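Structure record follows, encoded as structure tokens.
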Amino acid sequence: MPLKVLSIGYSLAPVGPDVAGGAEQVLSALDHALVAAGHRSIVVAPQGSRTAGTLVPTMPLPSPITDAVRAAVQQRQREAIAEALARWPVDLIHAHGVDFAEHLPAPGIPSLVTLHLPAEFYPPGAVTPARPQTWFNCVSTAQQRTFPALPNMLPPIRGGVPIERLRARHAKRKFALALGRICPEKGFHLALDAAALAGVPLLIAGQVFPYPYHQRYFDEQIRPRLGPTARFLGPIGFARKRRLLSAARGLLVPSLVAETGSLVAMEALACGTPVVAFPAGALAEIVEPGVTGFLVNDAREMAEAIVAAETIDPEQCRAAARRQFSLDHMVERYFAVYQRLAAPVAATV
């Protein structure tokens with residue numbers, strides 16, 4: 001039976017298949033899958049988002065993002081959600097933003113909140129068993145351990161990547177690669193240090209969001225380390241990302257906070273490229289040391305692993321991605337939850 005699903009993104013992050021954020025990529029994948037399956041998908045997200053379903057746009061991403069503009073952004077978010085609910089009788093709300101507690105409508109419509117970040121990123125009291133007809137899910141077992149055991153916490157649903165679309169192959173080259181949102185917690189300055197120690201060129205691709213502290217991090221920690229063997233490419237689309245991931249000797253993931261999912265690590269493995277990462281959160285669940293990459297503790301160990309990455313069999317990486325990180329499997333699991341929660345008996349789930 002066709003469903004009408006209202007998906008709500010983070011108020012300060014556009015949605016689309018080529019964006020940097022994992023939460024936004026998952027929302028985008030589910031939006032496209034809903035439309036392909038004949039369901040109705042309505043998405044509340046910032047102006048400029050790219051959706052398969054109906055976009056109800058909020059404010060464009062402000063620049064710079066300061067505390068002074070957040071109130072206006074949240075107000076427009078609430079207005080857009082109210083507009084969507086007045087226009088369409090939705091069966092289910094699926095919220096993805098870290099700020100969901102600021103704008104989730106009053107209880108009445110079954111709601112699923114996917115928690116894409118560690119527990120400490122959410123305001124106190126946001127994740128609660130007290131809200132009727134609201135369920136939560138995490139995106140990895142490691143992440144779920146950071147939350148209390150709640151009666152309305154569903155089993156985790158691991159993220160997935162489009163394995164078949166990542167099958168393109170390119171000759172391996174000597175450079176290492178780092179991809180993602182450019183901010184202090186991602187630790188890209190350590191990837192630059194490690195590549196320099198290893199004597200290996202490094203390419204960094206991703207977006208610098210207009211938060212003052214993100215821009216300050218880029219100016220103070222990234223830009224001074226760039227040069228002939230270390231380049232910043234900026235945001236890239238899917239085709240270029242696939243080409244770079246396939247050609248790289250390794251993907252570097254030096255996260256300084258617990259990663260809850262790391263879709264980019266899954267994409268690298270699907271492209272046959274090993275992952276060299278700090279064992280932060282779910283990265284220890286994704287990387288099998290010596291088989292699909294290496295888990296390291298500092299920049300010096302990362303440098304050694306960059307050199308050793310050539311010993312990893314690309315086919316082992318691809319096989320692991322097929323077994324564990326299928327986008328189709330992720331979509332199937334979310335759709336099963338949608339059907340359960342939207343059913344009249346959802347209150348007993």
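The values are calculated or read from the model by the stated rules, or taken from the named source; none is laboratory data. Keep in mind the model is a prediction, meaning the values are calculated, not measured. Cβ placement follows ideal geometry from the backbone for every residue including glycine, while neighbour counts extend to all protein chains displayed.
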Exercise for the section: Test Gly272 against the criterion of being under 20 Å from Leu295 (Cα atoms), touching a strand residue (DSSP E or B) at 6+ places or on another chain (Cβ under 9 Å) and either in a loop (DSSP other than H, G, I, E, B) or charged (D, E, K, R) (or both), and give yes or no. Expected result: no
Practice task
Within the range 266-277, identify whether any single residue is within 23 Å of Pro118 (Cα to Cα), among the polar types (S, T, N, Q) and in the same structural domain as Lys241 (by TED's automatic domain parsing), and answer yes or no.
Solution key: no
Exercise for the section: Give, as residue ranges, the helices (runs of 4 or more DSSP H) completely inside the range 163-252 that count at least 1 residues that are out of contact with any helix residue (DSSP H, G or I) (no Cβ under 6 Å at 6 or more places or on another chain), assigned by TED's automatic domain parsing to the domain that holds Asp313 and within 18 Å of Ile65 (Cβ to Cβ). Expected result: 212-217
Problem - Scope the range 77-125; condition β-branched (Val, Ile, Thr) and closer than 23 Å to Met1 by Cβ; matching residues - result: Val90, Ile93, Ile109, Thr114
Problem - Answer from Val35, Val56 - the residue that is crowded, with 19+ Cβ neighbours inside 10 Å and either under 28 Å from Ala258 (Cβ atoms) or not small (Gly, Ala, Ser) (or both) - result: Val56
Handout entry: Any chance Ala23 is surrounded by fewer than 18 Cβ atoms within 10 Å (Cβ to Cβ) and at pLDDT 95 or above
Key = no
Practice task
From Glu310, Glu315, grab the single residue that is in contact with a Lys or Arg (Cβ under 9 Å, 6 or more places away or on another chain), more than 22 Å from Pro156 (Cα to Cα) and loosely packed, with under 15 Cβ neighbours inside 10 Å.
Solution key: Glu310
Problem - Breaking point among (1) assigned to a loop (DSSP other than H, G, I, E, B); (2) β-branched (Val, Ile, Thr); (3) buried (at least 19 other Cβ atoms within 10 Å of the Cβ), for Thr146 - result: (3)
Fill in the blank from the handout: Here the qualifying pairs (Cβ atoms under 6 Å; residues six or more apart or on different chains; first in the range 322-349 and modelled with pLDDT of 95 or more; second of a type in the set (Lys, Arg) and surrounded by 13 or more Cβ atoms within 10 Å (Cβ to Cβ)) come out as none
Exercise for the section: Kindly indicate whether Gly97 is in a loop (DSSP other than H, G, I, E, B), surrounded by 23 or more Cβ atoms within 10 Å (Cβ to Cβ) and at pLDDT 95 or above. Expected result: yes
Exercise for the section: Go through (1) of a type in the set (A, V, I, L, M); (2) farther than 20 Å from Ser255 by Cα; (3) touching a residue at least 60 places away in the same chain (Cβ under 8 Å) and name the single condition Val139 misses. Expected result: (2)
